[in-house]
Amino acid sequence: MSLVFEQEMPLLNKESSGAIRVGQSRVLLELVVHAFQDGASPEAILQSYPTLSLSEVYGAIAYYLRHPDAVESYLQERESMAASVRQKINSTQPDLRWIRERMLAC
């Protein structure tokens, strides 16, 4: 019996926004990588993101382990973008702390 290599679907898919999704799911690469960095096993990650397959989780982790510098650079870029969006939202929204204080007072 010989091993037959098959062409597989791309494991990671980059969207036009720059976000990288795992497999055909909507799960972001950074979610899988951060969970792995926090000590979660691939099986535990799968429980958190059931739209993924176990092979997709392992594949995303394997990609991270093969390309740690590139993935870390991507993670830093995504965090920078998120911080920029948070800052923009905070600068355009009014201060609503008084609503929280009023609700807690009841």
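The values are calculated or read from the model by the stated rules, or taken from the named source; none is laboratory data. Computed from a prediction, not measured in an experiment: that's the story for all the values here. Counting neighbours? That spans all protein chains shown, and the Cβs are built from the backbone with ideal geometry, glycine included. Note: accessible area is taken over every heavy atom of the protein model, side chains too, but ligands, DNA and RNA are not part of it. Shrake-Rupley method; radii C 1.70, N 1.55, O 1.52, S 1.80 Å.
Overview of values
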{"item": "Euclidean distance of C-alpha centroids, region 1-80 and region 85-104, integer Å", "result": "34"}
{"item": "Pairs of alpha carbons in region 41-106 whose separation is greater than 18 Å (percent)", "result": "65"}
{"item": "Solvent exposure, largest accessible area first (probe 1.4 Å, DNA, RNA and ligands not counted), of TYR58, TYR49, TYR74", "result": "TYR58, TYR49, TYR74"}
{"item": "Segment ALA62-ILE89, length gained on full extension (0.36 nm per residue, minus Cα span)", "result": "6.2 nm"}
{"item": "Chain lengthening between SER16 and TRP98 when straightened (0.36 nm per residue, less Cα-Cα)", "result": "25.6 nm"}
{"item": "Stretchable slack from ALA82 to ARG26, in nm (0.36 nm times residue separation minus alpha-carbon distance)", "result": "18.4 nm"}
{"item": "Positive dipole terminus of the chain, leading residue within GLN37, GLN93, LEU75 (C-beta point charges)", "result": "GLN93"}
{"item": "Whole-Hz couplings from phi, Karplus 6.51/-1.76/1.60, listed for region 42-55; x for Gly and Pro", "result": "x, 5, 5, 4, 4, 5, 6, 10, x, 6, 8, 9, 4, 5"}
{"item": "Mean separation of Cα contacts under 8 Å (6+ apart) over length of the chain, as relative contact order %", "result": "18"}
{"item": "Within the chain, helix-based [θ] at 222 nm, where runs of 4 or more DSSP H residues each add -39,500 (n - 2.57), nearest 500", "result": "-18500 deg cm²/dmol"}
{"item": "Estimated translational D of region 1-47 in µm²/s (Stokes, Kirkwood radius over Cα pairs; 20 °C; 1.002 mPa s)", "result": "172"}
{"item": "Label point distance in nm, CYS106-ASP69, each placed 7 Å from Cα along Cα→Cβ", "result": "5.6"}
{"item": "Cβ charges +1 (Lys, Arg) and -1 (Asp, Glu), total dipole of region 29-88, debye", "result": "200"}
